[in-house]
1. Which residues, taken from the stretch 177-194, are exposed (fewer than 13 other Cβ atoms within 10 Å of the Cβ) and in a strand (DSSP E or B)?
2. Have a look at T112, T174, T121 and point out the one that is without any contact (Cβ under 8 Å) to a residue 40 or more places away in the chain and touching a Pro at 6+ places or on another chain (Cβ under 8 Å).
3. Quick check on this structure: which one of W233, W248 is surrounded by 20 or more Cβ atoms within 10 Å (Cβ to Cβ) and closer than 20 Å to K59 by Cα?
4. In the stretch 195-218, which residue that is among the polar types (S, T, N, Q) and part of a strand (DSSP E or B) is farthest from V183 (Cα to Cα)?
5. Quick one: which residue in K2, K78 is of a type in the set (D, E, K, R) and either at pLDDT below 50 or touching a His at 6+ places or on another chain (Cβ under 8 Å) (or both)?
6. Do we have any residue at all in the stretch 134-150 that's touching a strand residue (DSSP E or B) at 6+ places or on another chain (Cβ under 8 Å), surrounded by 11 or more Cβ atoms within 10 Å (Cβ to Cβ), at pLDDT 90 or above and of a type in the set (G, A, S)?
7. Looking at the stretch 208-223, I want the residues that are small (G, A, S) and have a partner that is part of a strand (DSSP E or B) and surrounded by 14 or more Cβ atoms within 10 Å (Cβ to Cβ) with Cβ atoms under 6 Å, at least 6 apart or on another chain. Which pairs are those?
8. Here are D188, D220: which of them is among the acidic types (D, E) and either farther than 30 Å from Q72 by Cα or modelled with pLDDT of 95 or more (or both)?
Amino acid sequence: MKNIHLILFGSLIAAACHKHKLPPTPPPDAACVVTSCPSYFGTTQTFTYDGSRQMTARKYDFATSGFGPFTQTVDKNKTYSSYNQGGSTLEETDVFLGGTGNLYDGTPAWMTREERQSSSTGSYQDRGPDTLYNFQYDGKKRLVKAIYMAPLINSGDMNYVYGRQLSNIVLDITYDGNDNAIVLKQTDVYRQGKYIVNDPSLSYFTFDSTAWTVIKVTYDSKPSPFSASLKYWKFVQNDWGVASNTNWQAIITALSPNNPLTITYELRQGSPSNASSSMMYHYTERGYPADSYTYDCR
């Protein structure tokens, strides 16, 4: 009798659930991918994606006489870009190595670059491939260090080989609990040495470093235009620059899921600073920056 009661009780529950079945929970909205936004030159850059909504190309104009449009293609392990300058075509291929071997996963360990310049007469110059960057990550797979491998003189006149040379430019990145880059510190590392003429085996190098830039950043709580492609956008936009870099907002935006509100320099071009800038946004219904941005939110 007990088993019969259990069967009847279970049947009543099943019938009640069937009779008053709740509607299925709708899936969360897919992240929007940005389809156009301002370029670094005051023009508009546009983006295309594949069926998996992974970026495959971008394009923008320089708005500068003598420079043709910048075009870039993206695949799983490299980016290729080209533009025209005064009748010559400049091409750049960045290959990303290490990590998973897939750029879209966002964890390459190295980047090499090969450059080619061809003129309208058919002549060309090749340079590379050169190993330019090493990338390091924390346990959450956040990029915490980007090291630019500056070219060094390692042969020829010993006065140059052992003279003071820029060895590396190191960008250290600190994040908050929301994975936004709140502190960026760029340091120049120099190599110089002592060449012992009478016994070259005793020659040696020393290294010293100079902090060049320290930036602190605050954020809103809204999604960045590039939040859907954040894993790899930092490598696609590839604006790590060198010591003279002034386009820090592009780097900050490429690292953080939210939008920067204030950028404050504590150290700028090697000198103490209190220079700062602030940003204001109008947002779409989904919370993305609206002004001059368009999205695909399918």
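1. Looking only at the stretch 177-194, we keep the residues that are exposed (fewer than 13 other Cβ atoms within 10 Å of the Cβ), and these are 177-178, 194.
Hit for the stretch 177-194 is K194, nothing else.
2. Details: T174 fails: touching a Pro at 6+ places or on another chain (Cβ under 8 Å); T121 fails: touching a Pro at 6+ places or on another chain (Cβ under 8 Å).
Within the list T112, T174, T121, the selection yields T112.
3. Details: W248 fails: closer than 20 Å to K59 by Cα.
From the options W233, W248, the qualifying one is W233.
4. Filtering the stretch 195-218 down to residues among the polar types (S, T, N, Q) leaves 198, 201, 203, 206, 209-210, 213, 218.
From the residues that got through so far, the ones that are part of a strand (DSSP E or B) too are 206, 209-210, 213, 218.
Details: T206: 28, S209: 19, T210: 17, T213: 10, T218: 9 Å.
Residue satisfying both the conditions and the ranking: T206.
5. Details: K78 fails: either at pLDDT below 50 or touching a His at 6+ places or on another chain (Cβ under 8 Å) (or both).
That would be K2, the only listed residue that is of a type in the set (D, E, K, R) and either at pLDDT below 50 or touching a His at 6+ places or on another chain (Cβ under 8 Å) (or both).
6. yes
7. These pairs meet every condition: S209/T187; S209/V189; A211/T187; A211/L267.
8. Going through D188, D220 in turn, just one is among the acidic types (D, E) and either farther than 30 Å from Q72 by Cα or modelled with pLDDT of 95 or more (or both): D220.
The values are calculated or read from the model by the stated rules, or taken from the named source; none is laboratory data. None of these values were measured; they are calculated from a predicted model. Don't worry about glycine lacking a Cβ; one is built from the backbone with ideal geometry, like all the others, and counts go over all protein chains shown.
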